[in-house]
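The values are calculated or read from the model by the stated rules, or taken from the named source; none is laboratory data. Just so you know, these numbers come straight off a predicted model, no measurement behind them. Cβ coordinates were reconstructed from backbone atoms using ideal geometry, including for glycine residues, and neighbour counts include every protein chain displayed.
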Amino acid sequence: MESIYLLMLVALVALAVADLVVGVSNDAVNFLNSALGSKVISFRTIMIVASIGIFIGCVFSSGMMEVARKGIFNPGEFYFNEIMIIFMAVMITDILLLDFFNTIGMPTSTTVSIVFELLGASVAMALIKIGMDNGSFGDVVNYINTSKATQIIGGILLSVFVAFSVGAIVQWISRLLLSYNFHTKSNWVGAVFGGVALTALTYFILMKGIKGTSYAKQSFDLIGGVTIKDFLENNVFQIIMYTSAFMSLLSYTFIQFFKFNIYKIIIGVGTFGLALAFAGNDLVNFIGVPIAAWQSYEAWVASGVPANEFGMGVLASKVPTPNILLVFAGVIMVLTLWFSKKAKRVVKTELDLSNQGRIDERFDPNFLSRGLVRVASNSSNLFSRIMPDSVNNLIEERFRLPETFTKEIAKEDKPNFDVIRASVNLMVAGILISIATSYKLPLSTTYVTFMVAMGTSLSDRAWGSDSAVYRVAGVLNVIAGWFGTALIAFTAAGTIAYLINISELMIAVLIFFAILLLVRNYIKGKNKNNNGVVEEALVEAESSSLQGVIHESTKNISKVLIRSSKIYNNVIKGLSRHDLSELKKNKKQISKLSDEVDSLKDKLFYFIKNLDESSLGASNFYINLLGYLQDITQSIEYISKISHKHINNNHSKLTLNQIRDLLAIEKIISELFENISATFSNKSIEEIKVVLKNKNKMIGLVEEKIETQISRTRTSEEKSPKNTALYFSILQESKDLMKEVMNLIEEYYVSYDKSVKPAKPKDE
């Protein structure tokens, strides 16, 4: 019997390693966001600083393991076999849950997930025990630390609203005082700001990074013989005052005499502090449960008592975690930080939502985001009407964006936001987490850092009229995911605990299932990165002249025609085979292509702004080009939509004659698109003239098929009204498609002049 628990322990260790990987991938956004978004520090330096913070934090985390043993449930109420089931259910659920959020690129809280997994598994096991003893289900409160669970839920709500509000207020005041031209201010202004920020971050490192560890209980003569913990708690005001004076003086020295960018120091220290706090306090979320299981196993083996009779009151006592395990965990976390692609995906979500410039918006607006934006806009307008014009003008001047964000420069060189916002993000997050730690409030670092970033984005006007509904929708999606995390974690862990209790063989089944899902998500993510989607995507024109735009547009035209030909071919194949799945997949492909074309049209403003004054013809050409591309995609989309609807409604198949005619037209369209695509790919534009000569012939073929179908219908050869309607619609839309393509290449042929050398983009 002992062997089964030994195998469970080995499985828990393996799960702990996997949990470290998926956990760091999700939580990296907490400490990387500000540094990466401001781009004031090199990526390599950021990663080194964060790695050092993580490693040190791991070594300091020994004292934080208690929550996994007794923070959520009362261990004395359970036997060893029951505790092992709880721990196993928690770890399996945690890996799958965090990997799911990593895969979709959404940040969530590892603290909330582990807490509600422990709560769900404990409740399930308690209900099983009560049921077997014919007790009252109301006795479940004896098994659970209900006060802790209530604190966690309260912490979630507090994190969301307080962090957002404080972040918005502090950023608005900071921007009002410093503006975007902060580098022109007097040195003492930067020194004071640096002093306040560094003081907040230093105190945060002490409070969150050290106070909760075992090292905090050590006393030193230097601080009056008291413990570090007591010193930090009893001398808050003195620490802040002395540190602020020292940091302000230090900042002024760096600025005045060494000409050093103080904001780089703030962002570097802040990144280190948040990484330290993350590892020091959140490591328990990943390895706390396996360590508790190992300690439980040792106690049970030493007791000699049967597993179903050995009470786990031993977990109520504090047991130090071996440093070698903490070092090992630190190494895994650092390696994950450097190599995890999913971590970059989660970071990208927050950076996109807080971006000061324009991006391809990821989230679709909903009624709630539209309503919130409308209320906020009306409130802002009301405030502007109340305030004097002089005040409004002053505010507008302070919030006017610099050229860094308005000028069209390479995406990889453009920061998501400036160093002021990055500093405020780190400073406010540090202060809030420090205060929460002082008052023992269970705030989530993920919730705090994310909502602070969103609050600063709002007050910094990153959410303008063109992007607000999308950004707010994104934030709402993330928040919904947070509450979903708690619900899913509780339910899934409870269900898995119940299944394992039925049969221990379920452990192997569940672990195998978890491995399959992890491998599937990994392969899916890898394929997504390597399937050439980025290469196929349409690219915005950057040239500032007509001939430059013409040359750049050849790639887009070629890509649209290749993808359109493939989609059209798949539609006809799907109809001929009556294949619903093929048509459904096809709808997604054309929808994606259509969105890309629409995205290019959305960027017309920036394209026109980038043109030379003498290049009016380039804008006209580009506008016409996008119009034709949009017409092409709309025709394909309509054909795909009606074909899918026909098959999905289980209407009768097209007749053999109809299919034969459609295949003939499909062949002509495919050859046409391939010839044009090859012409543009090879830049042999003169060959377009040959294609244009066959325009009437190709359109005439479609008209011939229409007349043939009319004849069939009149002679009663065709008996299905739905088939006839579908067939006519496809033929008519195919004819329009040919005309649109011909108009496109004709526009191109007329505008093209090979004797003129294309102008380069302004930035080159």
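With the requirement that a residue be over 17 Å from residue 271 (Cα atoms) and modelled with pLDDT of 80 or more, what does the range 337-347 give you?
339
This table checks each residue for (1) aromatic (Phe, Trp, Tyr); (2) farther than 23 Å from residue 174 by Cα; (3) in a helix (DSSP H, G or I); (4) modelled with pLDDT of 80 or more.
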{"site": "351", "(1), (2), (3), (4)": "no, no, yes, yes"}
{"site": "359", "(1), (2), (3), (4)": "no, yes, no, no"}
{"site": "363", "(1), (2), (3), (4)": "yes, yes, no, yes"}
{"site": "378", "(1), (2), (3), (4)": "no, yes, yes, yes"}
{"site": "391", "(1), (2), (3), (4)": "no, no, yes, yes"}
{"site": "396", "(1), (2), (3), (4)": "no, no, yes, yes"}
{"site": "404", "(1), (2), (3), (4)": "no, no, yes, no"}
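So how many residues does the range 18-74 have that are charged (D, E, K, R), under 28 Å from residue 515 (Cβ atoms) and modelled with pLDDT under 80?
2
Among the candidates 675, 696, 650, which residue alone is without any contact (Cβ under 8 Å) to a residue 40 or more places away in the chain and in a loop (DSSP other than H, G, I, E, B)?
Working: 675 fails: in a loop (DSSP other than H, G, I, E, B); 696 fails: in a loop (DSSP other than H, G, I, E, B).
Step by step, each of 675, 696, 650 is checked, and only 650 is without any contact (Cβ under 8 Å) to a residue 40 or more places away in the chain and in a loop (DSSP other than H, G, I, E, B).
Looking at the range 681-708, which of the residues that are within 21 Å of residue 740 (Cα to Cα) and of a type in the set (S, T, N, Q) is modelled with the highest pLDDT? Talk me through it step by step, then tell me what you get.
So in the range 681-708, the residues within 21 Å of residue 740 (Cα to Cα) come out as 681, 683-706.
If we keep only those that are of a type in the set (S, T, N, Q) as well, we get 681, 684, 694, 696.
Values: 681: 69, 684: 67, 694: 78, 696: 81.
The qualifying residue modelled with the highest pLDDT is 696.
Which one is nearest to residue 263 (Cα to Cα) among residues in the range 1-37 that are of a type in the set (S, T, N, Q) and crowded, with 24+ Cβ neighbours inside 10 Å? Explain how you work it out, then say what you get.
Residues of the range 1-37 of a type in the set (S, T, N, Q): 3, 25-26, 30, 33-34.
If we keep only those that are crowded, with 24+ Cβ neighbours inside 10 Å too, we end up with 25-26, 30, 33-34.
Values: 25: 27, 26: 26, 30: 19, 33: 15, 34: 12 Å.
My answer is 34.
Quick one: in the range 222-259, of everything that is more than 18 Å from residue 199 (Cβ to Cβ) and in a loop (DSSP other than H, G, I, E, B), which residue is modelled with the lowest pLDDT?
224
Counting only residues that are assigned to a helix (DSSP H, G or I), within 19 Å of residue 517 (Cβ to Cβ) and among the polar types (S, T, N, Q), how many does the range 96-135 have?
Adding up the residues that qualify gives 4.
Does residue 670 satisfy being part of a helix (DSSP H, G or I) and under 37 Å from the mean Cα position of the chain (by Cα)?
Values: part of a helix (DSSP H, G or I): yes; under 37 Å from the mean Cα position of the chain (by Cα): no.
So residue 670 fails the test.
Tell me which residues, restricted to the range 362-395, are loosely packed, with under 11 Cβ neighbours inside 10 Å and basic (Lys, Arg).
Matches in the range 362-395: 385 only.
Only one residue in 275, 343, 245, 279 is within 26 Å of residue 428 (Cα to Cα) and surrounded by fewer than 19 Cβ atoms within 10 Å (Cβ to Cβ), so which one is that?
Numbers: 275 fails: surrounded by fewer than 19 Cβ atoms within 10 Å (Cβ to Cβ); 343 fails: surrounded by fewer than 19 Cβ atoms within 10 Å (Cβ to Cβ); 279 fails: surrounded by fewer than 19 Cβ atoms within 10 Å (Cβ to Cβ).
Only one candidate qualifies: 245.
Restricting attention to the range 1-47, which residues are β-branched (Val, Ile, Thr) and without any contact (Cβ under 8 Å) to a residue 40 or more places away in the chain?
Residues of the range 1-47 β-branched (Val, Ile, Thr): 4, 10, 13, 17, 21-22, 24, 29, 40-41, 45-46.
10, the sole residue that qualifies.
Does residue 294 satisfy the condition of being buried (at least 21 other Cβ atoms within 10 Å of the Cβ), modelled with pLDDT of 85 or more and within 22 Å of residue 122 (Cβ to Cβ)?
Details: buried (at least 21 other Cβ atoms within 10 Å of the Cβ): no; modelled with pLDDT of 85 or more: yes; within 22 Å of residue 122 (Cβ to Cβ): yes.
So residue 294 fails the test.
Search the range 709-731 for residues being farther than 21 Å from residue 649 by Cα and surrounded by 15 or more Cβ atoms within 10 Å (Cβ to Cβ), and hand back the single one that is modelled with the highest pLDDT.
So the residue we want is 709.
Which of the residues spanning the range 406-423 are surrounded by 14 or more Cβ atoms within 10 Å (Cβ to Cβ), of a type outside the set (Lys, Arg) and at pLDDT below 80?
Matches in the range 406-423: 406, 408, 409.
Against the definition (modelled with pLDDT under 75 and among the polar types (S, T, N, Q)), how does residue 214 come out, yes or no?
Numbers: modelled with pLDDT under 75: yes; among the polar types (S, T, N, Q): yes.
Considered against the rule, which asks whether it is modelled with pLDDT under 75 and among the polar types (S, T, N, Q), residue 214 comes out as yes.
Just to verify a result, which residue in the range 301-316, among those that are modelled with pLDDT under 80 and in contact with a Ser or Thr (Cβ under 9 Å, 6 or more places away or on another chain), is nearest to residue 77 (Cα to Cα)?
Restricting attention to the range 301-316, the residues satisfying the condition of being modelled with pLDDT under 80 are 312-316.
Among the residues that remain, those that are also in contact with a Ser or Thr (Cβ under 9 Å, 6 or more places away or on another chain) are: 312, 314-315.
Working: 312: 7, 314: 11, 315: 11 Å.
Only one residue fits best here, namely 312.
Being touching a helix residue (DSSP H, G or I) at 6+ places or on another chain (Cβ under 6 Å) and not small (Gly, Ala, Ser) is the filter here; which residues of the range 489-500 pass it?
Narrowing the range 489-500 to residues touching a helix residue (DSSP H, G or I) at 6+ places or on another chain (Cβ under 6 Å): 489-490, 492-494, 496-500.
The answer is 490, 496, 498, 499, 500.
Would you point out the residue of the range 6-53, among those that are over 17 Å from the mean Cα position of the chain (by Cα) and among the hydroxyl-bearing types (Ser, Thr, Tyr), that is nearest to residue 81 (Cα to Cα)?
Out of the qualifying residues, it is 51.
Across the range 732-764, what is the total count of residues that are β-branched (Val, Ile, Thr), surrounded by 15 or more Cβ atoms within 10 Å (Cβ to Cβ) and modelled with pLDDT under 85? Write out each step before concluding.
Here is the first cut: in the range 732-764, the ones β-branched (Val, Ile, Thr) are 741, 745, 750, 756.
Narrowing further to those that are surrounded by 15 or more Cβ atoms within 10 Å (Cβ to Cβ): 741, 745.
This time we only want the ones that are modelled with pLDDT under 85, so: 745.
Total satisfying the criteria: 1.
If the requirement is being over 28 Å from residue 504 (Cβ atoms), in the same structural domain as residue 353 (by TED's automatic domain parsing) and either over 21 Å from the mean Cα position of the chain (by Cα) or crowded, with 24+ Cβ neighbours inside 10 Å (or both), which of these qualifies: 146, 93? If you could, list the steps in order and put the result at the bottom.
Details: 93 fails: over 28 Å from residue 504 (Cβ atoms).
Of the residues listed, the single one that is over 28 Å from residue 504 (Cβ atoms), in the same structural domain as residue 353 (by TED's automatic domain parsing) and either over 21 Å from the mean Cα position of the chain (by Cα) or crowded, with 24+ Cβ neighbours inside 10 Å (or both) is 146.
Please name all residue pairs, on different chains or six or more residues apart, with Cβ atoms under 8 Å, provided the first residue is in the range 239-261 and is in the same structural domain as residue 205 (by TED's automatic domain parsing) and the second residue is in a loop (DSSP other than H, G, I, E, B) and of a type in the set (A, V, I, L, M).
Close Cβ pairs satisfying both conditions: 261/40.
Examine the range 502-512 for a residue that is among the aliphatic types (A, V, I, L, M) and within 30 Å of residue 371 (Cα to Cα), and state whether such a residue exists. Outline the logic, then answer.
As a first pass, look at the range 502-512 and keep what is among the aliphatic types (A, V, I, L, M): 502, 505-511.
From what's left, within 30 Å of residue 371 (Cα to Cα): none.
Looking for residues that are among the aliphatic types (A, V, I, L, M) and within 30 Å of residue 371 (Cα to Cα), one finds none in the range 502-512, hence no.
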